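One structure is given here, and the rest of the page talks about it.
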Amino acid sequence: MDNNRTSTVPIVSQRYRLPFFMLVSCFALWGLLNNMTDNLVPAFSKIFMINASESAGVQISFYGAYAVLAIFASILLEEFSYKAGVLIGLGLYMIGALCYIPAAIGQSFDIYLMAIFVLAGGLSILETTCNPFVLSMGSQETSVRRLNFAQAFNPIGSLTGIFLAKYFILAHLNDADMDTRKAMDPEQLNAIVSDELFWVCVPYVGLVAIAAVIWFFFCRYKSDDENAPTRENTQPLSAKLGRLGLCIALILIPFLFQYYSAFEFSMVQQILIMMIGPIAFLLIMPDYRCQLMKLVKLPRYFCGVAAQFFYVGVQIAVWTWTIKYIMSVFPGMQEAAASNYYIFSIILFIACRAITTALMKKFNPANMMSLFAVAGILCCMGTIYLPREISVWTLVGISGCMSLMFPTIYGIALRGLGSEVKLGAAGLIMAILGGAVITPYMGSWIDNTTVKNQVAYFESINRPLIAQAEAADARKSLSGAMLALYRMSEASPADGEEQARAAGKFQKNMETFLSLPSLEGDAFEQAAKSLPGCSSLKPGELAAFKTNLKRLPVPAGREQQIQQFSLIPALSTLSGNQAEVLDNLIALPLDMKQFQTAQENFVEKAVRSSFFIPIICFAVVLIYGFFFRNTHLKKESLPRHEPASHHLRKI
């Protein structure tokens, strides 16, 4: 190629500048939404009072949609045009974002998950479309420069998304933690949740206006490239619609099966079942089946898919749990303040991506990736074992180690492929499923380890009955609910207006609690349900509450009144064979201040230990880089008009 000529050819010619600008906006849009969604995990954990593994459902829905629709997006481009991909991708995003409104009104986590799946499905199609669309907008001589220029706006969008999440979503979260919320009056809790979900909707729904402008532009846009994506226009429209319709049907059939099935599937299982449809489509169609068989026989490719699975898993998991880690090592820090470390992580990621891209001109990319994987393992070890003042920065350092891995694995896996390159790229996009699998697994590790630490604590202070009660139900911590009620008694009128209101609220609840033994029938039910965490008590639980109150001795003073008040979760749930646990709590009250300190240590140890999982993921990437380190030396070339950068996805 004539270097002098290349330097004089504009990256984007005059005729393409406006549509190119619109496409660049799409690059920024999906970067923004990817990183803004990471912050929904800690936000929803607090708003909906769910544990770490349950809140990770956000990432299962988001990245599961990428996995399910990756092949569909590839087929869409094969059968139709880039323009169709942009319109359908933006359309699904807008529908998903607008579904946040009914989810907020109904305060439904499940509706949010469905909305996130639809939104992310649109981004999957959009992302698969925009890279080759950018390449087609001008001279082939400047196609790589043009794509790199467009991708430069992706990290700008990522940073924008983090700031939007910080100042619109996290900054408007109430300071009350999960246990405190469970102890709130229903009206008070409903008001808080409504306000928080309103601010969750604001950035997502607000961005719909920008997406609508882009959608209407491309709806009217006419171009010579519109009908020349990757597939020859030799088949009739009916044939193309038939193939696309078959692909959609094969996605919907597994979905309908699990929806109407008597079996209960986890979210990850649901995603895996839905992935059966697109894979079945590839096997049914002879041309796609032939390409798939060639890819399966290529170790560099299918090992690359596995490495990409673990890499994306570690990236999404680390970024998802960064805020939780910071809050666990610095007790009392709120989400908005903890998100600063997430911002530092993204900035380091972007800086290292730029530096490593420049260094690849002189050094073997696979060797660099292996070296960074070793550094990632060391940073994870520091995150687990070092003092918090240092460990928070090793946590940030993990992001720098991840910076070059996605495009490097992508390049190694796709290098030298012929007509299979587009299907191969779809397979690597499906590997984004790692974010939907490893993130909740890490969340489950945190939850389960926290419970194990609680059980070990109660056994160490010779309270085996309480240890058994905690181990019996990992989702409902009896001691945690008691601690939340005890904290209510610590509110002091001298600490400001808000604390004065809290103290007054506690005193009113205490008076209601002390009056319960003298009440009967409807009066008892009304009074009991007005207490913190008791609004949804069922008749059987109310009966147990009434019976258990008789076990309490007459309180000798204020401190004993507070101790008995904190027993409300036990009084309303323990009955029958569990009554001995209640008797033990009454006879030997827990030292709540000591338990509060221990609880903070439980969570910190659990979050720290969960970083053994990223170590395994980095090890897989290290092995892949080592065994395929000489791929760049092979003089292989892609087919004309199919540069490798065609399929580069900037994360």
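The values are calculated or read from the model by the stated rules, or taken from the named source; none is laboratory data. Everything numeric in this text was worked out from a predicted model, so none of it was measured. Neighbour counts run over all protein chains shown; Cβ positions are idealised from the backbone, glycine included. Accessible surface areas use protein heavy atoms only, side chains included; no ligands, DNA or RNA. Shrake-Rupley method; radii C 1.70, N 1.55, O 1.52, S 1.80 Å.
The number of residues in segment 553-596 that are of a type in the set (S, T, N, Q) and closer than 25 Å to residue 505 by Cβ comes to 8.
Do we have residue 190 as open to solvent by 50 Å² or more (accessible area, probe 1.4 Å) and at pLDDT below 90 here? Considered against the rule, which asks whether it is open to solvent by 50 Å² or more (accessible area, probe 1.4 Å) and at pLDDT below 90, residue 190 comes out as yes. Per the conditions (1) of a type in the set (Gly, Ala, Ser); (2) over 13 Å from residue 403 (Cα atoms); (3) more than 30 Å from the chain's Cα centre (by Cα), the sole criterion not satisfied by residue 328 is (3). As a summary of the residue check, residue 464 satisfies the conditions (1) closer than 29 Å to residue 57 by Cβ; (2) modelled with pLDDT of 80 or more; (3) open to solvent by 20 Å² or more (accessible area, probe 1.4 Å) except for the one numbered (1). May I ask you to verify whether residue 469 is in a helix (DSSP H, G or I), in contact (Cβ under 8 Å) with a residue 40 or more places away in the chain and either open to solvent by 30 Å² or more (accessible area, probe 1.4 Å) or touching a helix residue (DSSP H, G or I) at 6+ places or on another chain (Cβ under 9 Å) (or both)? So residue 469 passes the test.
The residues listed here are 295, 252; of these, the one that is in contact (Cβ under 8 Å) with a residue 12 or more places away in the chain and either basic (Lys, Arg) or more than 29 Å from residue 111 (Cβ to Cβ) (or both) is 295. Within segment 78-89, one or more residues are of a type outside the set (Asp, Glu) and without any contact (Cβ under 8 Å) to a residue 12 or more places away in the chain. For segment 385-416, residues that are surrounded by fewer than 19 Cβ atoms within 10 Å (Cβ to Cβ), at pLDDT 85 or above and not hydroxyl-bearing (Ser, Thr, Tyr) total 6.
Within segment 609-630, being open to solvent by 20 Å² or more (accessible area, probe 1.4 Å), in a loop (DSSP other than H, G, I, E, B) and farther than 15 Å from residue 306 by Cα holds for 629, 630. If the condition is being open to solvent by 10 Å² or more (accessible area, probe 1.4 Å) and closer than 16 Å to residue 459 by Cβ, then segment 581-596 contributes 581, 584, 588, 590, 591, 594.
The helices (runs of 4 or more DSSP H) located wholly in segment 36-92 that include 3 or more residues which are open to solvent by less than 10 Å² (accessible area, probe 1.4 Å) and either touching a helix residue (DSSP H, G or I) at 6+ places or on another chain (Cβ under 7 Å) or not small (Gly, Ala, Ser) (or both) occupy 40-47, 57-79. For residue 337, the conditions (1) surrounded by fewer than 16 Cβ atoms within 10 Å (Cβ to Cβ); (2) free of Cβ contacts under 8 Å to residues at least 24 places away in the same chain all hold with the exception of (1).
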